[in-house]
Amino acid sequence: MNTKTIPVGQDILSPAKQAAADLRADFTRRGIFIVNIVSSPGAGKTSLLEATARHWGGQHKMSVLVGDLATDRDAQRLSPLAPTVQLTTGGACHLEMPLIKKGLEQLGPIETEFLFIENIGNLVCPASHDLGEHLRVVVLSTTEGDDKPGKYPKMFRTSQVLVITKTDLLPYVPFSVDSAVADAQLIQPDIQSIAVCARSGEGIAEWCEMLEAARDRMVASRDDHAAVH
Amino acid sequence: MHEASLVRTLLDKVATLLKEHQGEAVEEVCIELGPLSGVEPLLVQSAFEMLAPQYSLSDAKLIIHEIPLEAKCRDCGALFEIKNFRFRCELCESSAVQVVRGDEFRLLNITIRQAVDNEASA
């Protein structure tokens, strides 16, 4: 017997990251903008999506893959507003590419401009998993405290947009929007922030405009790229 | 807790490598974890010990190298360590910093046992 050391030097998530990159490229070609929404449980991801669908009406087409450990409660809320597939993970604390692919099969051939992936409520594990999204949005509600970004650095580092929800509760809770944004910017200086209240509709127009502009940039950059080749 | 799912991915990869190299057993698995890898080394170690037998890798010992989080400044080019998740250049205070190391769960190498090959026995 002899021993041999085999050098590898590979990120163990690289096959999953490649699958995510392939999905992103495919959806870019089809003009579908994928948004991965992450937060702790109860931060208001589903309410934000309901408000988004109501704001757009039929103006922009959206579809949703929504992840939970159990029940189809979120899908029941969202289905009347947009094509929605509930993904239940049993016990898993985050979504991974195979579940996304299964959800897309269930969704069927979709004509949509936006695909929202509502991740499992968890500020830890979903941070490590690229799901092929063009934009990662972290949702933080005013009841959670403005000190959270620094406590969950990977989630805020890997997100491009911070949505602060439940602004109607600001008079009742010790939460400073400025402090939360400043804390997030220490970790992700480029993070864009929007404060919203899904119930009153405050900030929802701004949020929707941000999404529309981001999708327009994706389409323009795809077409520029195509023109060069 | 997603350490178990990542360790399964690691063990899959190790088992594949062992087969590719026609080894008999894996002695050591060396990985690198940084502060932004999203996993806790102690939990990775216990998940590895728990799951390795399922991949017929009971003899494998996991060696974890804990590395610092390192970044490069896009403005002044400085290479520096990020402490306390403060993403600012330590020389010029720029916020245009790119993480270069410490944000992945990397498999560095594996050490396998092989039957004495023909060359050696010849």
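The values are calculated or read from the model by the stated rules, or taken from the named source; none is laboratory data. Note that the coordinates shown come from a computational prediction; the quantities given were computed from them, not determined experimentally. Glycine also receives a Cβ, built like all others from the backbone with ideal geometry; neighbour counts cover every protein chain displayed. Note: accessible area is taken over every heavy atom of the protein model, side chains too, but ligands, DNA and RNA are not part of it. Shrake-Rupley method; radii C 1.70, N 1.55, O 1.52, S 1.80 Å.
Mind listing just one residue for me: the one in the stretch A:149-168 that is away from chain B (no Cβ under 14 Å) and of a type in the set (D, E, K, R) and, of those, surrounded by the most Cβ atoms within 10 Å (Cβ to Cβ)? Filtering the stretch A:149-168 for residues that are away from chain B (no Cβ under 14 Å) and of a type in the set (D, E, K, R), the one surrounded by the most Cβ atoms within 10 Å (Cβ to Cβ) comes out as A:K166. Scanning the stretch A:186-213 for residues that are under 30 Å from B:I82 (Cα atoms) and either out of contact with any strand residue (DSSP E or B) (no Cβ under 9 Å at 6 or more places or on another chain) or open to solvent by less than 70 Å² (accessible area, probe 1.4 Å) (or both) yields A:L186, A:I187, A:Q188, A:P189, A:D190, A:I191, A:S193, A:I194, A:A195. Scanning the stretch A:169-180 finds no residues that are in a loop (DSSP other than H, G, I, E, B), farther than 26 Å from A:H55 by Cα, open to solvent by less than 40 Å² (accessible area, probe 1.4 Å) and modelled with pLDDT under 95. Across the stretch B:27-40, a minimum of one residue is classified as surrounded by fewer than 16 Cβ atoms within 10 Å (Cβ to Cβ) and at pLDDT below 95. From the set of residues in the stretch B:9-25 that are under 16 Å from A:Q10 (Cβ atoms) and surrounded by 15 or more Cβ atoms within 10 Å (Cβ to Cβ), which is farthest from the other protein chains (Cβ to nearest Cβ)? The residue in question is B:A15. Looking at the stretch A:81-119 only, could you name the residues that are within 14 Å of chain B (Cβ to nearest Cβ), open to solvent by 30 Å² or more (accessible area, probe 1.4 Å) and assigned to a loop (DSSP other than H, G, I, E, B)? The answer is A:G90, A:G91, A:A92, A:E96. Of the residues screened, A:S200 is not one that is touching a helix residue (DSSP H, G or I) at 6+ places or on another chain (Cβ under 9 Å), within 14 Å of chain B (Cβ to nearest Cβ) and either modelled with pLDDT under 95 or part of a loop (DSSP other than H, G, I, E, B) (or both).
Residue selection: A:D183 satisfies the criterion of being farther than 18 Å from A:I37 by Cα, more than 18 Å from the chain's Cα centre (by Cα) and modelled with pLDDT of 95 or more. Please work out which residue is farthest from A:A214 (Cα to Cα), limiting yourself to the stretch A:121-168 and to residues that are outside any helix (DSSP H, G or I) and polar (S, T, N, Q). Among them, the one singled out is A:N122. Out of A:G67, A:G9, one residue alone is over 26 Å from A:D216 (Cβ atoms) and surrounded by 14 or more Cβ atoms within 10 Å (Cβ to Cβ). It is A:G67. In the stretch A:206-214, the count of residues that are at pLDDT 95 or above, over 28 Å from A:T28 (Cα atoms) and assigned to a helix (DSSP H, G or I) is zero.
For the stretch B:72-87, filtered to residues that are open to solvent by less than 40 Å² (accessible area, probe 1.4 Å) and either within 11 Å of another protein chain (Cβ to nearest Cβ) or closer than 24 Å to A:P149 by Cβ (or both), the residue that is nearest to the chain's Cα centre (by Cα) is B:I82.
In the condition set (1) at pLDDT 95 or above; (2) within 22 Å of A:Y152 (Cα to Cα); (3) open to solvent by 20 Å² or more (accessible area, probe 1.4 Å); (4) in contact with a Lys or Arg (Cβ under 8 Å, 6 or more places away or on another chain), B:L69 is compliant with all but (3).
For first residues located in the stretch B:88-116 and within 23 Å of B:S37 (Cα to Cα) and within 7 Å of chain A (Cβ to nearest Cβ), partners that are aromatic (F, W, Y) and buried (at least 20 other Cβ atoms within 10 Å of the Cβ) and lie 6+ apart or on another chain with Cβ distances below 7 Å form the pairs B:S95/B:F87.
Kindly evaluate B:L36 against the criterion of being hydrophobic (A, V, I, L, M, F, W, C), closer than 16 Å to A:V8 by Cβ and facing chain A (nearest Cβ under 8 Å). Spell out how you get there, then give the answer.
Numbers: hydrophobic (A, V, I, L, M, F, W, C): yes; closer than 16 Å to A:V8 by Cβ: no; facing chain A (nearest Cβ under 8 Å): yes.
Answer is no for this residue.
The set of residues in the stretch A:22-47 that are open to solvent by less than 40 Å² (accessible area, probe 1.4 Å) and assigned to a helix (DSSP H, G or I) comprises A:L23, A:F27, A:T28, A:K45, A:T46. On the stretch given as the stretch A:121-148, residues that are under 22 Å from A:A53 (Cα atoms), in contact with a Gly (Cβ under 7 Å, 6 or more places away or on another chain) and open to solvent by 10 Å² or more (accessible area, probe 1.4 Å) total 1. With respect to the conditions (1) modelled with pLDDT under 95; (2) open to solvent by 70 Å² or more (accessible area, probe 1.4 Å); (3) within 12 Å of the chain's Cα centre (by Cα); (4) among the acidic types (D, E), B:E104 lacks only one, and its number is (2).
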